[in-house]
Amino acid sequence: MPKLLVITNTHAGSARDEAVRTALGVLRAGGDVEVADLDPDALPGVLARHPGHRPVVLGGDGSVHLLAATALAAGLLDRPPFAFGLVPLGTGNDLARTLGLPLDPAQAAKVVLDGRERDLDVLTDDAGGVVVNAVHLGVGAEAGRRAVPLKPRLGRLAYPVGSAVAGASARGWRLRVTVDGAEVAGGDRRALMVALGNGVTIGGGAPVTPSAEPDDGRVDVVVSFSTGWRARLAFAVALVRGRHPERHDVVEVRGHTVTVAGGPVPLNADGELAELAGARTWTVRPHALRVTVPA
């Protein structure tokens, strides 16, 4: 039987508790399971005490982000790939969508036991951070900030509502963007959004980087200059359909190293909200992780 270290938020609400119990029932029927709390302070010690157990995250992109950040800090990504399983129990579950994982907890737990392994790239930055699914700056990050207080009542609908509010007022930010040393945005035009996608979607299914492949060794970069109110509305409609890269005021490129300079501008990395003021560089670390996906 596989040895599994199940990492979950033991302080979540009752609806999630039922999903956790369902997933644990399936995993315990097919594996030797240890359960650990999703505690940033305790997680390094938990991983160190269970080196023979494969971590299984019961959570969303933020939970996977925490696991990857802990593995990076512990030097575990220097001996790639760092293998884990995922039962998507988050709000948006965007990484799971890219990987084709079922959103039903029982079915996802069966994939952990019976699926195949797939390598997964990550992005690391010069501030010591890591990104597993996507990092975006500008209106999308502002939408995430506005969605936070709405999540308890609206769930997945919080992000579209936050997007509508943010999009109505955003005027753009002067940002300089370079990809593999080539200038994509010079800062002379205001950018509505800059997105770096290892995965395809953000916000519970919005295909911000529709051509992204999470294991191709490159990151997809989308820069939108759609700052007028009509352009913002048209960009939002196109984004829902994944057609925004076809717009004349959107640039889509792919590369290995991306630098964004300017700000202050809202920043969202795997759902973690922050602000960029200055410059930051993200670099692809190919095949740093290995995740179990449907066979």
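Filter the stretch 184-218 for residues that are out of contact with any strand residue (DSSP E or B) (no Cβ under 7 Å at 6 or more places or on another chain) and not in a loop (DSSP other than H, G, I, E, B) and give the result. Passing the criteria: Asp188, Arg189, Ala206.
For Gly52, state whether it is farther than 28 Å from Asp104 by Cβ, of a type outside the set (Lys, Arg), outside any strand (DSSP E or B) and modelled with pLDDT under 95.
On the way: farther than 28 Å from Asp104 by Cβ: yes; of a type outside the set (Lys, Arg): yes; outside any strand (DSSP E or B): yes; modelled with pLDDT under 95: yes.
In short, yes.
Determine which member of the set Ala106, Ala164, Ala96, Ala134 is at pLDDT 95 or above and more than 17 Å from the chain's Cα centre (by Cα).
Details: Ala164 fails: at pLDDT 95 or above; Ala96 fails: more than 17 Å from the chain's Cα centre (by Cα); Ala134 fails: more than 17 Å from the chain's Cα centre (by Cα).
Criteria check complete, one pass: Ala106.
Within the set Val131, Val111, Val122, the sole residue that is out of contact with any helix residue (DSSP H, G or I) (no Cβ under 9 Å at 6 or more places or on another chain) and within 22 Å of Glu213 (Cβ to Cβ) turns out to be Val111. Each residue in the stretch 21-30 was checked for being touching a Leu at 6+ places or on another chain (Cβ under 7 Å) and either surrounded by fewer than 19 Cβ atoms within 10 Å (Cβ to Cβ) or assigned to a strand (DSSP E or B) (or both), and 1 of them qualify. Of the residues making up the stretch 79-126, those that are outside any loop (DSSP other than H, G, I, E, B), farther than 19 Å from Gly197 by Cβ and in contact with a strand residue (DSSP E or B) (Cβ under 8 Å, 6 or more places away or on another chain) are Phe82, Ala83, Phe84, Gly85, Val87, Pro105, Ala108, Ala109, Val111, Val112, Arg116, Glu117. Being at pLDDT 95 or above, among the basic types (Lys, Arg) and surrounded by fewer than 20 Cβ atoms within 10 Å (Cβ to Cβ), is that true of even one residue in the stretch 6-17? No, the stretch 6-17 contains no residue that is at pLDDT 95 or above, among the basic types (Lys, Arg) and surrounded by fewer than 20 Cβ atoms within 10 Å (Cβ to Cβ). The sole residue among Val57, Val46, Val33 that is surrounded by 20 or more Cβ atoms within 10 Å (Cβ to Cβ) and within 21 Å of Pro2 (Cβ to Cβ) is Val57.
The single condition among (1) surrounded by 15 or more Cβ atoms within 10 Å (Cβ to Cβ); (2) in contact (Cβ under 8 Å) with a residue 24 or more places away in the chain; (3) over 30 Å from Pro88 (Cα atoms); (4) not acidic (Asp, Glu) that Ser224 does not meet is (3). Cβ separations smaller than 8 Å between residues 6+ apart or across chains give the following pairs from the stretch 276-291 residues that are at positive phi to residues that are crowded, with 21+ Cβ neighbours inside 10 Å: His287/Leu120; His287/Asp121. When the test is whether a residue is more than 16 Å from Gly199 (Cβ to Cβ), touching a helix residue (DSSP H, G or I) at 6+ places or on another chain (Cβ under 8 Å) and touching a residue at least 40 places away in the same chain (Cβ under 8 Å), Leu72 does not pass it.
The values are calculated or read from the model by the stated rules, or taken from the named source; none is laboratory data. Quick caveat: nothing in here was measured; it's all calculated off a predicted structure. Here Cβ is always computed from backbone atoms with ideal geometry, including for glycine, and neighbour counts include all displayed protein chains.
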